[in-house]
Amino acid sequence: MKVLVVHRQASIADHIKDQLPQCIVTCVTCGWVGLSEARTKHYDLVISSYDLPVVTGFEMVRSLRMFSINMQVPVIMLTDGNETLSYTKLAGRLKASMLTLKEVQKMKYTELWLN
């Protein structure tokens, strides 16, 4: 499984990568670079924060949904658990799930989502 992780802090992106040892994970720290990656390479999952430099996570996902080879790929938007209702609605319109980092960490022990 190929996963793209986009987070402004490289240490957090690397931490997420460590939670997915059975996957091929590409980590980037900028929304623009993440968008470029996702437009040109196929991924099975995209994990992104919404607070990114240059291109926000929501802008990146919106563009992915419109113009990329990853139009139908599942997207997880990382939150701190205190997101506003408008962020939740926007994620829903973009067909993205919102999870906290702790919820992503639990994925390490869940085999079902990989199948």
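Would you please name the residue that is modelled with the highest pLDDT, looking only at residues in region 39-51 that are in contact with a Ser or Thr (Cβ under 9 Å, 6 or more places away or on another chain) and surrounded by fewer than 19 Cβ atoms within 10 Å (Cβ to Cβ)? Applying the filter and picking the extreme gives Lys41. Scanning region 55-75 finds one or more residues that are part of a strand (DSSP E or B), closer than 20 Å to Ile12 by Cβ and at pLDDT 80 or above.
Ser48 meets the conditions (1) free of Cβ contacts under 8 Å to residues at least 12 places away in the same chain; (2) in a strand (DSSP E or B) in every case but one. The failed one is (1).
Each row is one residue, and each column tells you yes or no for (1) surrounded by fewer than 17 Cβ atoms within 10 Å (Cβ to Cβ); (2) among the polar types (S, T, N, Q); (3) in contact (Cβ under 8 Å) with a residue 40 or more places away in the chain.
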| position | (1), (2), (3) |
| --- | --- |
| Pro53 | yes, no, yes |
| Met60 | no, no, yes |
| Ile69 | yes, no, no |
| Pro74 | yes, no, no |
| Met77 | no, no, no |
| Asn82 | yes, yes, no |
| Tyr87 | yes, no, no |
| Arg93 | yes, no, no |
| Leu99 | no, no, no |
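Any residue at all in region 94-110 that is at pLDDT 75 or above, touching a helix residue (DSSP H, G or I) at 6+ places or on another chain (Cβ under 7 Å), in a helix (DSSP H, G or I) and more than 15 Å from Val5 (Cα to Cα)? Scanning region 94-110, I find no residue that is at pLDDT 75 or above, touching a helix residue (DSSP H, G or I) at 6+ places or on another chain (Cβ under 7 Å), in a helix (DSSP H, G or I) and more than 15 Å from Val5 (Cα to Cα), so the answer is no. Scanning region 4-19 for residues that are of a type in the set (A, V, I, L, M, F, W, C) and crowded, with 19+ Cβ neighbours inside 10 Å yields Leu4, Val5, Val6, Ala13, Ile16. Among the conditions (1) out of contact with any Lys or Arg (no Cβ under 9 Å at 6 or more places or on another chain); (2) on the phi > 0 side of the Ramachandran plot; (3) of a type outside the set (D, E, K, R), Gly81 misses just one, which is (1). Of Ser36, Ser86, all but one fail to be over 20 Å from Ile12 (Cα atoms), at pLDDT below 90, more than 12 Å from the chain's Cα centre (by Cα) and small (Gly, Ala, Ser); the exception is Ser86.
The values are calculated or read from the model by the stated rules, or taken from the named source; none is laboratory data. Model, not experiment: these values are computed from the prediction. Neighbour counts run over all protein chains shown; Cβ positions are idealised from the backbone, glycine included.
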